[in-house]
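The values are calculated or read from the model by the stated rules, or taken from the named source; none is laboratory data. Note that the structure is predicted; figures quoted are calculated from it, not measured. Counting neighbours? That spans all protein chains shown, and the Cβs are built from the backbone with ideal geometry, glycine included.
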Amino acid sequence: MENKLPRPAFQSAGALAWRLPFVAIVLLAGCATAPRIPIQRPPDLFPPEALITQRGVLTVLGRQFTLNGYLATSATGAKRLVVTENFGSVLADVLVKPDGSVRVVRSSRAFKPAWIRDYLAKDLQCIFGVAPRADCPGQMLSPNHFIIERPWYRLDLQIVETKPGPQPAAMFDETKAGQP
C-alpha cells in the first residue's frame, strides 16, 4: 500500500501561483528612503571670530575614525580648518576664503586634496557657513552636536570649546601651514 501524504503548501502549484505576483511587486518596488533634510541651524550660532575645537567620528564603509579639528574663523568670512588624528599628525589643512573658494594647504594619505576640497570643505560650510545650504544632509542634535550623513560616509561632530575673539592674520594666509 502506497503512503499518500498531503503535499506541503509550498510545493502546491496553486499556492505558488498567488504568491508570485506579490513577490514580483515587492522586488520591483524596492525600498523607499526618506528624503534627506538639510541641517537646520540658526545663522548666528557661532561668533564671527573664534577658535573652535571639535572632536568627530568619521564612519566610512563601516570603519570608524576619530578626528580632532581646530577651526579659526574671521570676521571677513574666512575659515581655516586643521584636522588631526589623535596623536597630533595633521591629516588635512584647508582654507575657505571669504569668496567661498577653497585652498587645500596640506593633505595626507588619509585625506587626498580632491576629497578635502569636495567633501571636507562642503561639510565645513554646512555647519559653520553664514547661511545654511540645501546640500547639507544631516541634523543638528544640539548647538554643539551635528551629524552629516552622505551616502558614502557619516560624520558625527561635537564642538568641545569655542574661544571667541580675533585670530592671528597668519591663520588665513594660504602660504602658511596651520598648527593645531
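For LEU45, the criteria (1) out of contact with any Ser or Thr (no Cβ under 7 Å at 6 or more places or on another chain); (2) under 12 Å from THR162 (Cβ atoms); (3) at pLDDT 95 or above; (4) not acidic (Asp, Glu) hold in every case but one, which is (3). Looking only at residues in segment 64-91 that are aliphatic (A, V, I, L, M) and out of contact with any Lys or Arg (no Cβ under 7 Å at 6 or more places or on another chain), the one that is farthest from LEU155 (Cα to Cα) is ALA75.
Go through (1) of a type outside the set (A, V, I, L, M, F, W, C); (2) surrounded by 16 or more Cβ atoms within 10 Å (Cβ to Cβ); (3) within 12 Å of the chain's Cα centre (by Cα); (4) over 18 Å from THR84 (Cα atoms) and name the single condition ASP156 misses. Checking ASP156 against (1) of a type outside the set (A, V, I, L, M, F, W, C); (2) surrounded by 16 or more Cβ atoms within 10 Å (Cβ to Cβ); (3) within 12 Å of the chain's Cα centre (by Cα); (4) over 18 Å from THR84 (Cα atoms), the one that fails is (4). Can you name the residue in segment 130-153 that is touching a residue at least 12 places away in the same chain (Cβ under 8 Å), part of a strand (DSSP E or B) and closer than 18 Å to LEU67 by Cα and, of all such residues, is farthest from the chain's Cα centre (by Cα)? Within segment 130-153, the match that is farthest from the chain's Cα centre (by Cα) is HIS145.
Run down ALA170, ALA72, ALA177 and say which single residue is at pLDDT below 90, under 18 Å from GLU49 (Cβ atoms) and of a type in the set (Gly, Ala, Ser).
Of ALA170, ALA72, ALA177, the one residue that is at pLDDT below 90, under 18 Å from GLU49 (Cβ atoms) and of a type in the set (Gly, Ala, Ser) is ALA170.
Of all residues in segment 71-105, how many are surrounded by fewer than 20 Cβ atoms within 10 Å (Cβ to Cβ), of a type in the set (Ser, Thr, Tyr) and in a strand (DSSP E or B)? The total comes to 1. Checking the stated criteria, LYS112 turns out to be charged (D, E, K, R), surrounded by fewer than 20 Cβ atoms within 10 Å (Cβ to Cβ) and farther than 23 Å from ASP44 by Cβ.
The residues of segment 56-106 that are farther than 14 Å from MET171 by Cβ and among the hydroxyl-bearing types (Ser, Thr, Tyr), listed by number, are THR59, THR66, THR84, SER89, SER101.
Matching residues to (1) in contact with a helix residue (DSSP H, G or I) (Cβ under 9 Å, 6 or more places away or on another chain); (2) small (Gly, Ala, Ser); (3) without any contact (Cβ under 8 Å) to a residue 60 or more places away in the chain:
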residue	(1), (2), (3)
PRO47	no, no, no
LEU51	yes, no, no
ALA75	no, yes, no
GLU85	no, no, yes
VAL90	no, no, no
ASP99	no, no, yes
ASP118	no, no, yes
PHE128	no, no, no
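Residue-level analysis places LYS122 among those that are basic (Lys, Arg), at pLDDT below 95 and outside any loop (DSSP other than H, G, I, E, B).
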